[in-house]
Amino acid sequence: MVSLGMPHRPIVLLGDPLLRELSRPVSSAAEAEPVFTDLRDTLHEFRRGHGFGRGISAVQIAVPVRLIYIEFEGRAYKLRNPVYEYLSGDTFELWDDCFSFPGLLVRVRRSVQVRVRYEGDDGEVLTLEADGALSELLQHEMDHLDGILAVDRALSRDAFCVRGEWERRYRL
Ligand SMILES: [Zn+2]
(Lines give C-alpha, C1' and ligand atoms only; values in the text may rest on other atoms or scores of the structure.)
Protein backbone atom coordinates (compact mmCIF):
# COMPACT_ATOMS: atom_id res chain seq x y z
CA MET A 1 0.00 0.00 0.00
CA VAL A 2 1.39 3.40 -0.94
CA SER A 3 0.79 6.34 1.34
CA LEU A 4 0.47 9.79 -0.12
CA GLY A 5 1.18 11.19 3.32
CA MET A 6 -2.04 13.11 3.65
CA PRO A 7 -1.82 15.24 6.78
CA HIS A 8 -5.26 14.31 8.01
CA ARG A 9 -8.50 12.90 6.72
CA PRO A 10 -12.20 13.70 7.09
CA ILE A 11 -13.96 11.85 9.90
CA VAL A 12 -16.80 9.50 8.99
CA LEU A 13 -19.89 10.74 10.84
CA LEU A 14 -22.86 9.01 12.48
CA GLY A 15 -25.39 8.11 9.81
CA ASP A 16 -22.77 6.91 7.34
CA PRO A 17 -23.30 3.14 6.97
CA LEU A 18 -19.53 2.65 6.78
CA LEU A 19 -19.40 2.97 10.59
CA ARG A 20 -21.47 -0.23 10.79
CA GLU A 21 -19.03 -2.32 8.78
CA LEU A 22 -17.05 -5.18 10.26
CA SER A 23 -13.44 -4.07 9.81
CA ARG A 24 -11.04 -6.59 8.28
CA PRO A 25 -7.69 -7.71 9.73
CA VAL A 26 -4.45 -6.10 8.52
CA SER A 27 -1.90 -8.73 7.53
CA SER A 28 1.34 -6.78 8.02
CA ALA A 29 2.85 -3.90 9.93
CA ALA A 30 3.94 -2.38 6.61
CA GLU A 31 0.32 -2.20 5.48
CA ALA A 32 -0.72 -0.72 8.81
CA GLU A 33 1.93 1.99 9.06
CA PRO A 34 0.56 4.59 6.60
CA VAL A 35 -2.90 4.20 8.12
CA PHE A 36 -1.47 4.73 11.62
CA THR A 37 0.23 7.90 10.36
CA ASP A 38 -3.06 9.23 9.00
CA LEU A 39 -4.87 8.25 12.23
CA ARG A 40 -2.31 10.12 14.30
CA ASP A 41 -2.51 13.23 12.12
CA THR A 42 -6.29 13.12 12.07
CA LEU A 43 -6.47 12.73 15.86
CA HIS A 44 -4.19 15.73 16.33
CA GLU A 45 -6.22 17.82 13.90
CA PHE A 46 -9.48 16.83 15.62
CA ARG A 47 -8.06 17.72 19.03
CA ARG A 48 -6.98 21.14 17.74
CA GLY A 49 -10.51 21.76 16.49
CA HIS A 50 -12.57 20.23 19.29
CA GLY A 51 -10.41 20.29 22.41
CA PHE A 52 -10.80 16.58 23.14
CA GLY A 53 -9.81 13.27 21.59
CA ARG A 54 -7.62 10.40 22.72
CA GLY A 55 -8.38 7.52 20.39
CA ILE A 56 -9.48 6.77 16.84
CA SER A 57 -10.21 3.65 14.80
CA ALA A 58 -9.35 3.30 11.13
CA VAL A 59 -12.97 2.96 10.03
CA GLN A 60 -13.48 6.54 11.21
CA ILE A 61 -11.20 7.74 8.41
CA ALA A 62 -13.04 5.48 5.95
CA VAL A 63 -10.51 2.64 6.07
CA PRO A 64 -12.41 -0.33 7.53
CA VAL A 65 -9.46 -2.29 8.90
CA ARG A 66 -8.69 -3.47 12.44
CA LEU A 67 -6.35 -0.67 13.53
CA ILE A 68 -6.70 1.55 16.58
CA TYR A 69 -4.54 4.55 17.44
CA ILE A 70 -4.59 5.92 20.99
CA GLU A 71 -2.73 8.69 22.78
CA PHE A 72 -3.14 8.48 26.51
CA GLU A 73 -1.11 10.13 29.29
CA GLY A 74 1.78 10.94 26.98
CA ARG A 75 1.98 7.50 25.37
CA ALA A 76 0.95 6.46 21.87
CA TYR A 77 -0.51 3.01 21.24
CA LYS A 78 -0.75 1.45 17.78
CA LEU A 79 -2.96 -1.61 17.97
CA ARG A 80 -3.10 -3.95 14.96
CA ASN A 81 -5.73 -6.69 14.97
CA PRO A 82 -6.50 -6.34 18.70
CA VAL A 83 -8.61 -8.99 20.44
CA TYR A 84 -9.87 -9.16 24.00
CA GLU A 85 -8.15 -11.52 26.40
CA TYR A 86 -10.10 -10.34 29.40
CA LEU A 87 -12.95 -8.03 30.31
CA SER A 88 -13.71 -7.64 34.02
CA GLY A 89 -17.14 -8.29 35.42
CA ASP A 90 -16.69 -5.12 37.47
CA THR A 91 -18.15 -2.24 35.52
CA PHE A 92 -18.58 1.51 35.80
CA GLU A 93 -20.71 4.15 34.13
CA LEU A 94 -19.45 7.16 32.23
CA TRP A 95 -20.42 9.79 29.68
CA ASP A 96 -18.82 8.68 26.43
CA ASP A 97 -18.11 10.75 23.34
CA CYS A 98 -16.93 10.00 19.83
CA PHE A 99 -15.24 11.77 16.90
CA SER A 100 -18.08 10.54 14.73
CA PHE A 101 -20.71 12.45 16.73
CA PRO A 102 -18.70 15.13 18.54
CA GLY A 103 -21.74 17.08 19.76
CA LEU A 104 -23.33 14.19 21.66
CA LEU A 105 -22.49 12.44 24.91
CA VAL A 106 -23.89 9.02 25.76
CA ARG A 107 -24.10 7.38 29.18
CA VAL A 108 -22.67 3.86 28.88
CA ARG A 109 -21.36 1.07 31.09
CA ARG A 110 -17.88 -0.37 30.56
CA SER A 111 -15.66 -2.94 32.25
CA VAL A 112 -13.24 -1.50 34.80
CA GLN A 113 -10.34 -3.69 33.63
CA VAL A 114 -9.49 -5.02 30.23
CA ARG A 115 -6.64 -6.88 28.59
CA VAL A 116 -6.12 -6.79 24.83
CA ARG A 117 -3.73 -8.82 22.67
CA TYR A 118 -2.48 -7.24 19.43
CA GLU A 119 0.31 -7.34 16.86
CA GLY A 120 3.29 -5.01 17.06
CA ASP A 121 5.56 -3.37 14.47
CA ASP A 122 7.70 -6.51 14.07
CA GLY A 123 4.77 -8.88 14.02
CA GLU A 124 5.28 -9.75 17.68
CA VAL A 125 2.30 -10.44 19.92
CA LEU A 126 1.84 -7.76 22.57
CA THR A 127 -0.66 -7.28 25.35
CA LEU A 128 -2.07 -4.13 26.84
CA GLU A 129 -3.68 -4.21 30.25
CA ALA A 130 -5.68 -1.20 31.32
CA ASP A 131 -8.15 0.00 33.88
CA GLY A 132 -10.33 3.06 34.31
CA ALA A 133 -10.05 5.74 31.64
CA LEU A 134 -7.73 3.81 29.31
CA SER A 135 -9.89 0.71 29.68
CA GLU A 136 -13.10 2.46 28.63
CA LEU A 137 -11.27 4.17 25.78
CA LEU A 138 -10.03 0.80 24.51
CA GLN A 139 -13.51 -0.69 24.73
CA HIS A 140 -14.93 2.25 22.76
CA GLU A 141 -12.36 1.81 19.98
CA MET A 142 -12.69 -2.00 19.96
CA ASP A 143 -16.42 -1.55 19.41
CA HIS A 144 -15.71 0.51 16.26
CA LEU A 145 -13.92 -2.49 14.69
CA ASP A 146 -17.18 -4.42 14.90
CA GLY A 147 -19.46 -1.60 13.78
CA ILE A 148 -20.73 -0.89 17.30
CA LEU A 149 -21.19 2.70 18.46
CA ALA A 150 -21.64 4.25 21.90
CA VAL A 151 -25.23 5.13 20.98
CA ASP A 152 -25.93 1.37 20.82
CA ARG A 153 -24.83 1.05 24.44
CA ALA A 154 -26.94 3.91 25.83
CA LEU A 155 -28.14 2.90 29.28
CA SER A 156 -31.60 4.42 28.96
CA ARG A 157 -33.52 7.04 27.03
CA ASP A 158 -32.03 9.62 29.43
CA ALA A 159 -28.53 8.53 28.46
CA PHE A 160 -28.08 11.19 25.74
CA CYS A 161 -26.87 14.74 26.25
CA VAL A 162 -25.75 17.34 23.72
CA ARG A 163 -22.35 18.76 24.58
CA GLY A 164 -23.42 22.26 25.60
CA GLU A 165 -26.06 20.89 27.95
CA TRP A 166 -23.64 18.31 29.31
CA GLU A 167 -21.10 21.03 30.08
CA ARG A 168 -23.74 23.05 31.95
CA ARG A 169 -25.04 20.08 33.92
CA TYR A 170 -22.11 17.76 34.56
CA ARG A 171 -18.82 19.53 33.98
CA LEU A 172 -18.55 21.49 37.21
ZN1 LIG B 1 -15.78 6.65 18.52
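Every test in (1) without any contact (Cβ under 8 Å) to a residue 12 or more places away in the chain; (2) among the hydroxyl-bearing types (Ser, Thr, Tyr); (3) closer than 24 Å to Ala130 by Cα is passed by Ser27 save one, and that test is (3).
The requirement of being under 22 Å from Val26 (Cβ atoms), away from the ligand (no atom under 16 Å from the Cβ), touching a residue at least 12 places away in the same chain (Cβ under 8 Å) and out of contact with any Pro (no Cβ under 6 Å at 6 or more places or on another chain) is not satisfied by Arg54.
One residue alone among Val151, Val108 is in contact with a helix residue (DSSP H, G or I) (Cβ under 6 Å, 6 or more places away or on another chain) and either within 16 Å of the ligand (Cβ to nearest atom) or at pLDDT below 95 (or both), and that residue is Val108.
When Asp121 is tested against (1) within 28 Å of Ser156 (Cβ to Cβ); (2) modelled with pLDDT under 95, just one condition goes unmet, and that condition is (1). Of all residues assigned to the range 124-134, at least one qualifies as being of a type outside the set (Ser, Thr, Tyr), closer than 24 Å to Phe36 by Cβ and either within 12 Å of the ligand (Cβ to nearest atom) or in contact with a Gly (Cβ under 8 Å, 6 or more places away or on another chain) (or both). State whether one or more residues within the range 60-72 are more than 13 Å from the ligand (Cβ to nearest atom), over 18 Å from Val35 (Cα atoms) and either at pLDDT 95 or above or among the aliphatic types (A, V, I, L, M) (or both). Yes; the residues of the range 60-72 include at least one that is more than 13 Å from the ligand (Cβ to nearest atom), over 18 Å from Val35 (Cα atoms) and either at pLDDT 95 or above or among the aliphatic types (A, V, I, L, M) (or both). Across the range 111-122, the qualifying residues are those that are in contact with a Lys or Arg (Cβ under 9 Å, 6 or more places away or on another chain) and assigned to a strand (DSSP E or B), and the one among them that is nearest to the ligand (Cβ to nearest atom) is Tyr118.
Listed by first and then second residue, the pairs linking a residue in the range 90-105 that is hydrophobic (A, V, I, L, M, F, W, C) to a residue that is part of a loop (DSSP other than H, G, I, E, B) and within 11 Å of the ligand (Cβ to nearest atom), with Cβ atoms under 6 Å apart and 6 or more places separating them unless they lie on different chains, are Phe99/Ile11; Phe101/Leu14; Leu105/Asp97. Among the candidates Glu93, Glu129, the residue that is open to solvent by 70 Å² or more (accessible area, probe 1.4 Å) and closer than 15 Å to Phe160 by Cβ is uniquely Glu93.
Inclusion of Phe46 among residues that are modelled with pLDDT of 95 or more and under 20 Å from Leu134 (Cβ atoms) is not warranted.
Residues in the range 77-105 that are touching an Asp or Glu at 6+ places or on another chain (Cβ under 6 Å) and more than 16 Å from the ligand (Cβ to nearest atom) were compared, and the one that is nearest to Glu33 (Cα to Cα) is Arg80. For the range 132-172, the set of residues classified as surrounded by fewer than 15 Cβ atoms within 10 Å (Cβ to Cβ) and either acidic (Asp, Glu) or assigned to a loop (DSSP other than H, G, I, E, B) (or both) consists of Asp146, Asp152, Leu155, Ser156, Arg157, Asp158, Glu165, Glu167, Arg171, Leu172, listed by residue number.
The values are calculated or read from the model by the stated rules, or taken from the named source; none is laboratory data. What you see is a predicted model; the values in this text were computed from it and never measured. Positions of Cβ are backbone-derived with ideal geometry, glycine not excepted, and every protein chain shown enters the neighbour counts. Please note that ligands, DNA and RNA were not included when accessible areas were found on the heavy atoms of the full protein model with its side chains. Shrake-Rupley method; radii C 1.70, N 1.55, O 1.52, S 1.80 Å.
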